[in-house]
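Some notes on the structure that comes next.
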Amino acid sequence: MPMSSFELPRRTVLAGAAAVTVTGLAGCGGPESSSFASGSLTAGFDNEPVTLDPALSTAISSDRNVLNLFFDALLRQHADGTFAPALATKWETTDSAVSLTLRKGVTFHDGTACDADAVVANLRRVLDPATRSTKAAALAQVASVEAPDATTVRIALKSPAPLLLTHLAHEPGMIVSPAALKKHGADFGRHPVGTGPFTFAQWRSKVQLTAERNKSYWAKAADGGSLPKLDKVILRFVTEAKVLRAELSTGGVQLVRALPPEEYQQLRSDQRIVVKDGGVRRAYYVALNVTKGPFKDPRVRAAFARAVDRRAIGKAAAGGEFEIAPSFATPKDWFFDGSISPLSHDPAEARRLLKRAGLPGDVPLTLVARRRAPDPTIAELLQSQLAYAGFAPKAEVLEFQTQLDRMKNREFDAALLVVDIPRLDPSLSFDPYFTSDGPNNWSGLDDRALDALLEKAADSADKPTRKKAYADAQRRIIANNYWVFLHQAKSPLIHSRRLEGVQLDIDGQWRLAEARLGA
């Protein structure tokens, strides 16, 4: 019976032969595949990365699409929680240590060896406070990292870390070239060098990013042929959804990261386009700044929650292609609790709450949103609903990086954004946003009780214990109205029928090593 990421025994040994096989992760060697299809894939991408340094990335819902081009992680993890080899071929875990055996003969794009010293340097870099890594919390239970020999990495633990393998299958376990880090310094994020299927060629800000085939990529196709199958991947940065839809229709791009329902619904009858719902959802939310301004007062946060008509926003922004859920959890998630519900829409009660807070009306607030459909539509609806309930809202529609900067500096009252779900573990959804030291703690939370619940959920290997802790954490978030969760829009995979072989992580992030273009 396959093991999940939250049900690890005290001692586990997994080898490449015993792990579930992932196409494209077979051993090295073999002839060139007869199905090899060269060509250039052009993809429309609505979220230009800030950095391509996996230790520093913050746009969780989009960056990994690009990072997967250039970097491999130590492991891969399947949707059922089981693990498969990547840069590590075997791993042994106990409550006090994790030992990894690395794949031999792998080199970085700059020709240097991806050996144990390189992996140790990467993990220590994430752990080093001077790096200010956004992934440091994922390795919080790591006491030390050593390399006994060129193919072995030993990670000593402060305490049991049942989620460590999951983290090593994500950005904390993506291995970058130490030589390139030294060469480029602070500019490494603009010059990514890893072991992945594609090598970095060019990045023109606000225009496009180009990646080329890694001719010495270590992974092979299931038939033993070479990967990747594409010669080149070009990511065009286009934020306007109507333009992306038109480009896909005319063949200007063959793949898009995301489109709002009003756009992809127009493509369903086009036989040249594939629109496939794989269960990925775009969870829209409003984060409230609790450090200053009106939302320091929990009564004003409750008034905001009462003012919002979630279903009306979902209908306007996503047509019928959405679901309502109380948090990041979807009804299919094991940690979903149907008894949890946010405050209901009640503008009159919102006005009463403002009066009790000594704010009888026209309460000013600034809402920041991104200049990308359907976010401006949602912001406009929120303005109308909030004004009716006694607020005096001002919406500022910004470029993505400007919005992120404002959110990081907490120069806002309310912020509208979106997260792609589900993820392989709820800790990947909740911890970055709701722990006091989380890299995406937009609200400025310093809630020790919430920290304790999330820590308990992450540190336990017992699924019922974790489920209760996550349910209690969600109740606390909603009871305090730190965030107002809106709707979960469907986010299908959308691409030209000519394009085949796109693999997806559970949260919809692309893997293009197997991708190929037909005639």
Open item on the list: Just the residues that are part of a helix (DSSP H, G or I) and in contact with a strand residue (DSSP E or B) (Cβ under 9 Å, 6 or more places away or on another chain), please, taken from segment 169-196.
Closed with: E171, P172, G173, R190
- [ ] Answer yes if at least one residue in segment 296-315 is of a type in the set (D, E, K, R) and more than 30 Å from N480 (Cβ to Cβ), and no otherwise.
- [x] no
Open item on the list: Restricting to segment 112-139, name every residue that is open to solvent by 50 Å² or more (accessible area, probe 1.4 Å) and under 22 Å from S436 (Cβ atoms).
Closed with: L127, D128, P129, A130, R132, A137
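The rows are residues; the columns are (1) modelled with pLDDT of 95 or more; (2) out of contact with any Phe, Trp or Tyr (no Cβ under 6 Å at 6 or more places or on another chain).
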position: L139; (1), (2): yes, yes
position: A143; (1), (2): yes, yes
position: L157; (1), (2): yes, yes
position: S177; (1), (2): yes, no
position: L181; (1), (2): yes, no
position: R204; (1), (2): yes, yes
position: K215; (1), (2): yes, yes
position: A222; (1), (2): no, yes
position: P228; (1), (2): yes, yes
Task: The one condition in (1) more than 24 Å from S62 (Cα to Cα); (2) modelled with pLDDT of 95 or more that V286 fails to fulfil - done: (1)
Open item on the list: Please pick out the residue among G338, G314 that is open to solvent by 50 Å² or more (accessible area, probe 1.4 Å) and either without any contact (Cβ under 8 Å) to a residue 60 or more places away in the chain or not β-branched (V, I, T) (or both).
Closed with: G338
- [ ] Tell me, please, whether a residue that is at pLDDT below 95 and under 21 Å from L165 (Cα atoms) can be found in segment 116-129.
- [x] no
Open item on the list: I need the full set of residues from segment 157-180 which are open to solvent by 30 Å² or more (accessible area, probe 1.4 Å) and touching a residue at least 60 places away in the same chain (Cβ under 8 Å), in order please.
Closed with: S159, P160, P178, A179
TODO: Look through segment 193-249, keep the residues that are touching a Leu at 6+ places or on another chain (Cβ under 6 Å), among the hydrophobic types (A, V, I, L, M, F, W, C) and open to solvent by 10 Å² or more (accessible area, probe 1.4 Å), and return whichever of them is farthest from Q401 (Cα to Cα).
DONE: W203
Task: Which numbered condition Q265 fails, given (1) at positive phi; (2) surrounded by fewer than 17 Cβ atoms within 10 Å (Cβ to Cβ) - done: (1)
Task: Count of segment 406-435 residues which are touching a Leu at 6+ places or on another chain (Cβ under 7 Å), within 18 Å of S62 (Cα to Cα) and assigned to a helix (DSSP H, G or I) - done: 3
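Pick from segment 341-385 the residues that are among the small types (G, A, S), more than 30 Å from the chain's Cα centre (by Cα) and within 22 Å of S443 (Cβ to Cβ): which of them is least open to solvent (accessible area, probe 1.4 Å)?
Of everything passing the filter in segment 341-385, A350 is least open to solvent (accessible area, probe 1.4 Å).
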Open item on the list: Just to be sure before I move on: is K394 among the charged types (D, E, K, R) and within 28 Å of Q77 (Cβ to Cβ) in the structure I sent?
Closed with: no
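Quick one: which of R299, R306, R245 is closer than 23 Å to G338 by Cα, part of a helix (DSSP H, G or I) and not hydroxyl-bearing (S, T, Y)? Full working, then the answer.
Details: R299 fails: closer than 23 Å to G338 by Cα; R245 fails: closer than 23 Å to G338 by Cα.
After applying the criteria, what remains is R306.
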- [ ] Report, by residue number, each residue of segment 442-458 that is open to solvent by 60 Å² or more (accessible area, probe 1.4 Å) and among the acidic types (D, E).
- [x] D446, E455
TODO: Any residue in segment 102-131 that's closer than 9 Å to S177 by Cβ: show its pairings with residues that are open to solvent by 10 Å² or more (accessible area, probe 1.4 Å) and part of a helix (DSSP H, G or I) at Cβ separation under 6 Å, as long as the two are six or more apart or on different chains.
DONE: D110/A179; T112/A179; A118/P178
TODO: May I ask you to list the residues in segment 386-439 that are hydroxyl-bearing (S, T, Y), open to solvent by less than 30 Å² (accessible area, probe 1.4 Å) and touching an Asp or Glu at 6+ places or on another chain (Cβ under 6 Å)?
DONE: T435
TODO: Could you please find all residues in segment 275-284 being out of contact with any helix residue (DSSP H, G or I) (no Cβ under 8 Å at 6 or more places or on another chain) and either more than 21 Å from G252 (Cβ to Cβ) or open to solvent by less than 30 Å² (accessible area, probe 1.4 Å) (or both)?
DONE: D277, G278, G279, V280, R281, R282, A283
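The values are calculated or read from the model by the stated rules, or taken from the named source; none is laboratory data. Please read all numbers here as calculations on a predicted model, not as lab measurements. Don't worry about glycine lacking a Cβ; one is built from the backbone with ideal geometry, like all the others, and counts go over all protein chains shown. The accessibility values were calculated without ligands, DNA or RNA, using every heavy atom of the protein model including side chains. Shrake-Rupley method; radii C 1.70, N 1.55, O 1.52, S 1.80 Å.
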